[in-house]
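Here is the structure we will look at.
The values are calculated or read from the model by the stated rules, or taken from the named source; none is laboratory data. Bear in mind that the values here come from a model prediction, so they are computed numbers and not experimental data. Here the Cβ positions follow ideal geometry from the backbone for every residue, glycine too, while neighbour counts run over all protein chains shown. When the accessible area is computed, the model is the full protein with side chains, heavy atoms only, and any ligands, DNA or RNA have been set aside. Shrake-Rupley method; radii C 1.70, N 1.55, O 1.52, S 1.80 Å.
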Amino acid sequence: MGAQLHDQTFELEAPDGGWGYVVVAATVVIFSVTVMPTAAFGLVYGDFLKSIGDETTGTTLSNGIFSTVYSFTGLLANGLLGRYSYRTVGLIGSIAFIQGAVGLIFSQTLFQLIICYGLIQGLGFGLLMPSSLSAFNAYFDKRMAVMMSICQALMIAFSMGVPQLAAWSMVTFGFRGTLLGLAVLSCLSLPAVASLQSVEKHLRKVALQMGSESKLAKKSVSIDMPLQSPQEKPLMPLGGSLRSLQQHQGRRRMSMLSLGDRVASVISIHQDISKEEVEEEVALTFWQSFKKSMDMSLLKDAKYLNISIGLALAFTADMAFISIMPLMLGNIGFQPQDIASMMAVFFGSDLLSRILLTIMSSVVRFKSRHLILFTSILIALSRTAFVLNDSYMWKVVFLGILGFLRCFIQTPLPLVFSEEYQDRFPTAYSLFMALNGVVSLICGPLMSLVKSLTKSDVMVCHVLTMAYIICVLAWTFEMTFCRAKSTTKQPK
């Protein structure tokens, strides 16, 4: 927006540095002390859950509820960010997350674990995540991809060390001592969130040439794809606050997060908008803004449902596998230090593939949905092979393969919606998050039922593999049908 409305001699732009570097550090801290430690969920809570019942049931149910709560909370957070600063929303989320962490120290039952971790911490992270990413999005434009790549590298490096730290802490301090340490660690999110200053204080003035402001007749969308998403609990559209819309009149930038298990990835969507559209969005109430982002008419689109449910199945299967992986390895006799080393290989391979995908995407054009479809086939085959042999080297090799492949689902996932539903991207992605929450909620009890009936971790793994197979079959059928239909409609 020009600093002089009538003369429009200059406009205000994102800092692309300055206090933005503090925001980068804050984002790394927030994710590192909240969601990253869940990479070692099985190592920390495995023995506790085993002592009160079935560890697979407890792990899948608590993680499923966490994912469901944070998915739906994230939708509400987008509305809150339209009326309050990201620091305010983030502080509420940070306090909630810390309360959940403290409650976990005193948890004695699965119900208490679900309340403190699944509900309270899920609620807190659902507010923290969009707040920190909205701030990040507001402070960077041209350097967005570079800074997010740095963020992801730091977060993945930390996640690689989490299993080893968790194993050491369990031996040194015990279960309750480790939970106390995690609670203290989560308190670091408070100063990190407090540093998320309003971008208005740091905007740069850029001179405008007379008559350079264009009145756009249509919207255009461009995508910057950085090195991607962590480890994941999963992905959501993050609009900068409506205050940011006022600052950058004529251009709106939204970003999405993919938490492909515990590592964040942000993709920027740029949309040119008119002054009237900005004023209209600023005038919306919280409820009006929420309803606008939840246009249910897309749910009548069979193709959209097929895409969303398929992605939700793949995303949930990935997250669930990571949560039960330490339990599976422990149940076949591997020691905590061995499990920690295997998980380090998994996450290290994930980091390598993200670097490769970043390079590949800069020189090769490909359709994101086709990449996910092909990767789902490879993951299904690799998961099947993973459970065929219990030797150490076999597990290490296939965990390396699975870690390498997961990036090719997590990173391009949001891009599927930007490719298929450009004009309705915010709605399409918001509804996907809701569907993903529902699928996560169903997945936990289903895995628990399979474990209780079969007493086999291998069968639970096969159930997760079936999620990829369902996605592949449904997508293949739809693509084949649509191609055949379009062919018959072409004039001879």
Give the stretch 409-429 a look and list any residue that's of a type in the set (Ser, Thr, Tyr), open to solvent by 10 Å² or more (accessible area, probe 1.4 Å) and assigned to a helix (DSSP H, G or I), or say none.
427
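Any idea which of 406, 369, 354 is of a type outside the set (A, V, I, L, M), touching a residue at least 24 places away in the same chain (Cβ under 8 Å), assigned to a helix (DSSP H, G or I) and surrounded by fewer than 22 Cβ atoms within 10 Å (Cβ to Cβ)?
369
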Checking residue 22 against (1) assigned to a helix (DSSP H, G or I); (2) open to solvent by 10 Å² or more (accessible area, probe 1.4 Å); (3) touching a Leu at 6+ places or on another chain (Cβ under 7 Å); (4) closer than 21 Å to residue 200 by Cβ, only one condition comes out false. Which one?
(3)
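Going by what's in this entry, would residue 140 be described as closer than 18 Å to residue 197 by Cβ and more than 15 Å from the chain's Cα centre (by Cα)?
For residue 140, the condition - closer than 18 Å to residue 197 by Cβ and more than 15 Å from the chain's Cα centre (by Cα) - is met.
What are the residues in the stretch 45-59 that are touching a residue at least 12 places away in the same chain (Cβ under 8 Å) and open to solvent by 10 Å² or more (accessible area, probe 1.4 Å), if any?
Result: 45, 47, 48, 52, 53, 54, 55, 57.
Conditions (1) more than 20 Å from the chain's Cα centre (by Cα); (2) acidic (Asp, Glu); (3) assigned to a helix (DSSP H, G or I), marked per residue:
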{"position": "388", "(1), (2), (3)": "yes, no, no"}
{"position": "434", "(1), (2), (3)": "no, no, yes"}
{"position": "438", "(1), (2), (3)": "no, no, yes"}
{"position": "441", "(1), (2), (3)": "no, no, yes"}
{"position": "447", "(1), (2), (3)": "yes, no, yes"}
If I go through the stretch 81-97 residue by residue, how many of them are surrounded by fewer than 23 Cβ atoms within 10 Å (Cβ to Cβ) and of a type in the set (A, V, I, L, M, F, W, C)?
4
